[in-house]
Amino acid sequence: MSGGFVYSEKPVRIERGEGVHLYDDDGTEYLDFGASYGVAAVGHCHPEVVSAVKSQVERLTFVQASYPNAARDGLYEKLAAVAPGDLDDVWLCNSGTEANEAALKFARSATGDSKIVAARDGFHGRTMGSLAATWKPKYKTPFEPLAGDVEFVPYGDEEALAEAVDDETAAVLLEPIQGEGGVNPAPEGYLQAAREVTDETGAALIFDEIQTGLGRTGTLWACEKRGVTPDVLTTAKGLGGGLPVAATLCADWVAEEAGPHGSTFSGGPVVSAAAEATLSVIADENLPANAAEVGSHLQSKLGGSELPIRTVRGEGLLVGVEVGRGANRVLKQLAMDHGILALPAGRSVVRLLPPLTVEESHADEVIDALESALAEVSA
Ligand SMILES: *Cc1c(COP(=O)(O)O)cnc(C)c1O
């Protein structure tokens, strides 16, 4: 064996990206309704991100985190300004799992407790700590023992949550809408209940908005719509417009007791410039509003269609279409016969997670293709 491993590769070699489209080395165009797990939130190679990266990489590619620099200050300021509530203390890192890893460490250090409460079907990343708080046994078993002291509760069950959280709990870690776990929005009142029980016991409430954040669900943060502000919020995926950058946004009481943490690449100038440009694009192009509009068009059309699907779930442009087992066959058909790329969420759900710049006509294209793909797969 030589060369790359870990990933099984798809039979398509991607050469170029522009907006909502990807192109392979034969010049075939694909409509990207997976956005590489949501990374391409502002579309591929957005000109403003490209230009910010180009000028930054020429001026100062990197400097260690202990030297302040304008690119990172710009991102700090921008993130603090858009953070929900008072979560204006910013830790920058390179990936979603690291943002959660930091959130868990900060919560332990600020509370002096160690127990973590997380949800069944939750997904928080693949490093040892975040993985310990991730539900799926398939991802964990070969690597155990992980950083223990995690109790799992059924997602959406307020009573189970209240029972699991006590004075020894450092953090409750939840996605406002579970992404990988099948696109499951928190039921009405659930996040509020999580806020109340953590307020009572002094645990930190952490929302993992790595998939739901940055406008995807129709507001900049999914927790906004529910009127609940956590103590820590993590964001990644689309934040860098394609470059690897993530953030852990904290309330003062958590940040003040964060303890010794660090990372060589924290807040590098190039990724900071990319993220600042991405946040500007999201605001300037009103992408949360577009996600709400195109998302509701997509969902209502899917819901009202004659398609052989079980349910349609989600918010904005985070949409799960339950097709029954065999989601992967439907996805393959969509890609190979219709030039549409999307994602699975478990074995039975097709997950639509396009760039937030898509238009209603793109959604219509996907619905038509889904209709044929479902017919072909069941034929
Ligand atoms: C993707 C994802 C992560 C992990 O992010 P990585 O950048 O892959 O480490 C964590 N939480 C949620 C909700 C995600 O969707």
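Secondary structure note: in the chain, about 60% of the DSSP beta bridges are antiparallel.
Of all GluC sites (Glu not before Pro) in the range 257-310, which ones are in loop regions per DSSP and have a Cβ with at most 13 other Cβ atoms within 10 Å? The qualifying sites are E306.
Ordered from longest to shortest, the equivalent ellipsoid semi-axes for the range 107-266 are 20, 19, 18 Å, each the square root of 5 times a Cα gyration tensor eigenvalue.
Ranking Y67, G189, V232 by Cα position along the charge dipole of the chain, where only Lys, Arg, Asp and Glu carry charges on their C-beta atoms, puts Y67 farthest toward the positive end. Projecting the Cα positions of S263, A222, W253 onto the charge dipole of the chain (unit charges on Cβ atoms of Lys, Arg, Asp and Glu, taken about the Cα centre) puts S263 furthest along the positive direction.
Taking 2.2 N^0.38 Å as the expected size of a compact globular protein, what ratio does the Cα radius of gyration of the range 224-326 give against it, to two decimals?
Ratio of Cα Rg to 2.2 N^0.38 Å: 1.44.
Over the chain, Cα pairs under 8 Å with separation of 6+ residues give a relative contact order of 23 percent. Fewest neighbouring Cβ atoms within 10 Å first, the residues I177, I206 line up as I177, I206.
In a DSSP loop and with at most 16 other Cβ atoms within 10 Å, the GluC sites (Glu not before Pro) in the range 131-218 are E168, E188. In the range 7-60, the alpha-carbon atoms span a convex hull of 114 Å³ per residue. Would you please classify the overall shape of the chain from the alpha carbon gyration tensor, given that a ≥ b ≥ c denote the square roots of the eigenvalues, rounded means a/c under 1.5, and beyond that prolate means a/b larger than b/c while oblate covers the rest? Oblate, because a/c is 1.5 or more while a/b does not exceed b/c.
Report summary: the helix-based calculation at 222 nm, which adds -39500 (n - 2.57) for every DSSP H run with n ≥ 4 and divides by the residues of the chain, gives -11500 deg cm²/dmol. The relative contact order of the range 299-379, computed from alpha carbon pairs under 8 Å that lie at least 6 residues apart in sequence, is 28 percent.
Candidates G314, H338, N328 compared by Cα position along the dipole of the range 300-370: farthest toward the positive end lies N328, with charges placed on Cβ.
What order do you get for T311, T234 when you list them from fewest to most C-beta neighbours inside 10 Å?
T311, T234
Listed by number, the DSSP H helices of the chain that run 15 Å or longer by alpha-carbon position along their axis and have mean Kyte hydropathy of at least 0.0 are 70-82, 269-284, 360-378. When both the range 257-322 and the range 142-207 are represented by their alpha-carbon centers, they are found 22 Å apart. Only the Cβ atoms of Lys and Arg (+1) and of Asp and Glu (-1) were treated as charged; on that basis the dipole of the range 73-214 about its Cα centre amounts to roughly 720 debye. About the centre of its Cα atoms, the chain shows a dipole size close to 1120 debye [charges on the beta carbon of Lys, Arg (+1) and Asp, Glu (-1) only; nearest 20 debye].
Sorted ascending by nearby beta carbons within 10 Å, beginning with the fewest, L243, L79 become L243, L79. Once you mark the trypsin sites (Lys or Arg not before Pro) that are in a DSSP loop and have at most 13 other Cβ atoms within 10 Å, what is the longest gap between them in the chain? Free of exposed loop sites, the longest segment is 14-309. Here the Karplus relation 6.51 cos²θ - 1.76 cosθ + 1.60, evaluated at θ = phi - 60°, turns the backbone of the range 240-246 into coupling constants of x, x, x, 9, x, 8, 8 Hz, with x for every Gly and Pro.
Since every read-out is calculated from the coordinates, none of them should be taken as a lab result. Here the structure is a predicted model, which is why all the values come from computation and not from measurement. Counting neighbours? That spans all protein chains shown, and the Cβs are built from the backbone with ideal geometry, glycine included.
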